[in-house]
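The values are calculated or read from the model by the stated rules, or taken from the named source; none is laboratory data. Quantities reported herein were computed from a predicted structural model and do not represent experimental measurements. Here the Cβ positions follow ideal geometry from the backbone for every residue, glycine too, while neighbour counts run over all protein chains shown. The accessibility values were calculated without ligands, DNA or RNA, using every heavy atom of the protein model including side chains. Shrake-Rupley method; radii C 1.70, N 1.55, O 1.52, S 1.80 Å.
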Amino acid sequence: MIYNDSDFGNQLNKKSYYSKAIDALIENETDQSIIASKIYNFVKQKMTWNDYLGYTTNQGVSKAYKEGTGNVAEINLMLIPMLRYAKINANPVLVSTKSNGIPLLPTRTGFNYVVCAIETGNSLTLLDATEQNTTFNILPYRTLNWLGRIIRENGTSEFIELVPKTKSKDAVSLNAIINSDLTIEGKVRSVKNNYQAYNYRNKHINQSTESIIKNLEDGEDGFTVENYSNKNVKDFSKPVSISYDYTLEDSIEEIGDKLYLNPLLFFKTEENPFKADFRQYPIDFVCPLNDKYIVNIKIPEGYKIENLPSNSKVVFNENEGEFSYMAKENQNTIQLIVNFNLNISLIPSSSYVKFKEFYQLMIDKKSEKIVLVKL
C-alpha cells in the first residue's frame, strides 16, 4: 500500500514541523473554507517549487519546509496534512502529467505527480501549491490530463476527473465614440475568471502597467491606451477586473459619403488559427469557455446607419459549441452583443474539420462591417 511508503505515506504523518505555524494561522477561525484558503496560501507563499516532478519526496517534507523549497510531492504532501490537522478531509491525488501520458490502470508507475483533493460531501476541490497563481480547482495546465487517482487514508481509491467542467469566462464591455476626424475613443472593461484569470495572472502579475500598455499598443496600429488599471490580480478569490481608456486611429474607411468600420474594433479576429486540412491529435482548450463582448458605438452627428450586420447563430455539434451575433440600433447608438460558448474542453480529431468550419464562420461574421451614410 502506498501509504506505507516512507517517501509518501510517512510524510503525511509528520506534523511537528508545522503545528505551531498552523495554530497561529487559524487561531479563532471556525469557517472551514477560510481555514482551507489560509493554509493553502500559506504553503504557496512559504514554498518554492524546484521544478522537479514526482509523487514521492526527495529530501522529505520537514527539510523542504525548513529550506522553503521542494519538489511537487514535498509541497503538496505538506499541504495535505496541514489541512487534515485543521480537521479538513484532504487526500492525495496521483496524476500523470500531459507529457507523461495517460494511465489506463491504477498502477503507481503510470503517475509522476501528486495534487491535493478536499472532499466535502459529494464534491471535490483540487489544489496544487507549486504555483503562485493557482487557486481552488484551478490547477496548472501540466496536471489536466484526463484522470487522477485519489488515495484515501482509509485505503480506498478511485479515478477522478481532472479536466475542468466549469466555464472560464471573459466578459468585455467596449464603448466607442466616433470623432469628427474619424478617430475613435472610448473605454474598455473586462472581467476574467477561472482559467481566463489564471492566464492573465501568469502573464501580467509581475509586469508593470507601462509594459502592459506597450504590449497592447504594439498589437494594433494607431492604438493608444491610457488610465490602465487592473484589480484582484493578487486576490485569487475574485475575478480579475481590467479597465482602460483608448484612442484608435485609421480604423474607419471613408468612401464618398459613407463610413465603413468593424464594430469589434481591436477585438476583431482576422485569421483562422486552424489551417491544416486534417488533424491527428485533438484540440485542447483546457476548459469550457465563454467569451462575451458588449459593444456600444455612438453614431456621429450627421450620419445614419445604412447597413448593420445581420443577427445570426452558429452551432457546433448540437450543444458542444455556439456562436451568436446580434446588432441593433438604439436611438443614436449601435449595440453589438457577441457571444462564444464552448461547452467542452477537448475537440477530438474526428470533429476537427467541422470545428474548423464552425470557427471560420465565426471569423467571417466578426469581420462584417457597419456602414454609416451622411444625412
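Applying a threshold of 6 Å to beta carbon distances and a minimum spacing of six or more residues, or different chains, the list of pairs starting in segment 136-148 at a residue that is within 20 Å of LYS238 (Cα to Cα) and ending at one that is open to solvent by 20 Å² or more (accessible area, probe 1.4 Å) and among the hydroxyl-bearing types (Ser, Thr, Tyr) reads PHE136/THR125; ASN137/THR125. Checked against (1) open to solvent by 70 Å² or more (accessible area, probe 1.4 Å); (2) in a loop (DSSP other than H, G, I, E, B), THR269 passes all but condition (1).
Open to solvent by 10 Å² or more (accessible area, probe 1.4 Å) and either modelled with pLDDT under 95 or part of a helix (DSSP H, G or I) (or both): does that describe LYS63? Taking the combined requirement at face value, the residue satisfies it.
How about segment 147-158: which of its residues are more than 16 Å from THR97 (Cβ to Cβ) and not aliphatic (A, V, I, L, M)? Listed by number, the residues that qualify are ARG152, GLU153, ASN154, GLY155, THR156, SER157, GLU158.
Taking (1) more than 30 Å from PRO348 (Cβ to Cβ); (2) assigned to a loop (DSSP other than H, G, I, E, B); (3) touching a residue at least 60 places away in the same chain (Cβ under 8 Å); (4) open to solvent by 30 Å² or more (accessible area, probe 1.4 Å) in turn, PRO263 satisfies each apart from (4). The single residue among ASN290, ASN343, ASN332, ASN319 that is farther than 30 Å from LEU182 by Cβ and modelled with pLDDT under 95 turns out to be ASN319.
Based on this model, can you work out whether PHE278 counts as in contact with a helix residue (DSSP H, G or I) (Cβ under 8 Å, 6 or more places away or on another chain), touching a residue at least 12 places away in the same chain (Cβ under 8 Å) and open to solvent by 40 Å² or more (accessible area, probe 1.4 Å)? Yes. When the residues of segment 195-212 are filtered to those that are open to solvent by less than 50 Å² (accessible area, probe 1.4 Å) and touching a residue at least 24 places away in the same chain (Cβ under 8 Å), the one that is farthest from SER243 (Cα to Cα) is TYR195.
Residues in segment 312-354 that are small (Gly, Ala, Ser) and crowded, with 18+ Cβ neighbours inside 10 Å: GLY321, ALA327, SER345, SER351.
Condition check for TYR52 on (1) of a type in the set (Phe, Trp, Tyr); (2) without any contact (Cβ under 8 Å) to a residue 40 or more places away in the chain; (3) buried (at least 16 other Cβ atoms within 10 Å of the Cβ): one failure, at (3). Out of the residues in segment 1-41 that are among the acidic types (Asp, Glu) and either assigned to a loop (DSSP other than H, G, I, E, B) or touching a Ser or Thr at 6+ places or on another chain (Cβ under 6 Å) (or both), state the one that is most open to solvent (accessible area, probe 1.4 Å). For segment 1-41, the residue satisfying everything is GLU27.
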